[in-house]
1. Applying a 10 Å radius around every beta-carbon, put 131-142, 103-114 in order of their mean neighbour count, most first.
2. Classify the chain as rounded, prolate or oblate, taking a ≥ b ≥ c as the square roots of the eigenvalues of its Cα gyration tensor: rounded when a/c is under 1.5, otherwise prolate if a/b is larger than b/c and oblate if not.
3. What is the distance in Å between the Cα centroid of the range 119-144 and that of the range 13-89?
4. Hey, can you grab everything whose amide H is under 5 Å from the amide H of residue 169? Only 5+ residues off in sequence or another chain; H modelled, so Pro and N-termini drop out.
5. Describe numerically, in nm with one decimal, the distance between label points set 7 Å from Cα along Cα→Cβ at residue 86 and at residue 159.
6. Compute, for the chain, the length of the dipole vector about the Cα centre, with Cβ point charges of +1 (Lys, Arg) and -1 (Asp, Glu) only. Units Debye, rounded to 20.
7. Under 15 Å from the Cβ of residue 130, count the other residues' Cβ atoms, weight Lys and Arg +1, Asp and Glu -1, and hand me the total.
8. What is the gain in length, in nm to one decimal, between residue 133 and residue 68 on full extension, counting 0.36 nm per residue of separation less the C-alpha to C-alpha distance?
Amino acid sequence: MDGMKLTAPTMEYDESIQAYRSEFLECGDSMDGTSRLRRFDSTQDWLDYLKEAADDEVSVSQYVFVREEDGKVVGMLDIRRTANDFIEKYAGYVGYSVCPSERRKGYASKMLGMALEIMKSFGMENVLITCYEGNEASRKTILNNGGVYESTVYWQERDVYIERYRIDLTKSPL
């Protein structure tokens, strides 16, 4: 899958980021891995929020997955470099989503694979990745990247079951 890059978001991708956001808002789907993009009508305001959030308890690195031929943001991903109880139980170390119109093209698996390489370069060794029970696409994405099922937990606040998977970056072929 040449011609794709995982990079930090910048104003260079303003129109594509807003198109990504709009598509999710129109279909009512969750925007996982976007660090609260849903709340921001302005890309600049979102980028400013990301800078401010860098000082929070949980260090997050935000990425956009860009198709280089047309500059379209087809996916987003955030890496949580530190954890708290919520991340350790429910959220995991990576959140990601693919634009609804771009799904079923292998983008999520490629994006997660690239993220695992970045996580390894950060010195991370054993990462938790989660998905909602019944989310077959996300489960396959995790399994395609070496995920090993650990457990399923109930998240009472959202009334959902969360599947938890581990990827040992010291044993992966990255």
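No value in this document is a laboratory result; all are computed from the given coordinates. This one's a predicted model, so the numbers in the text were calculated from it and none came from an experiment. FYI the Cβ positions are ideal-geometry reconstructions off the backbone, even for glycines, and counts take in every protein chain you see.
1. Taking the mean over residues of other Cβ atoms within 10 Å, the ranking is 103-114, 131-142.
2. Taking the square roots of the gyration eigenvalues as a ≥ b ≥ c, the chain is rounded.
3. 17
4. Placed amide hydrogens put 126, 127 under 5 Å from residue 169.
5. That separation, rounded to one decimal, is 2.1 nm.
6. 620
7. That works out to -2.
8. 20.1 nm is the gain from fully extending residue 133 to residue 68.
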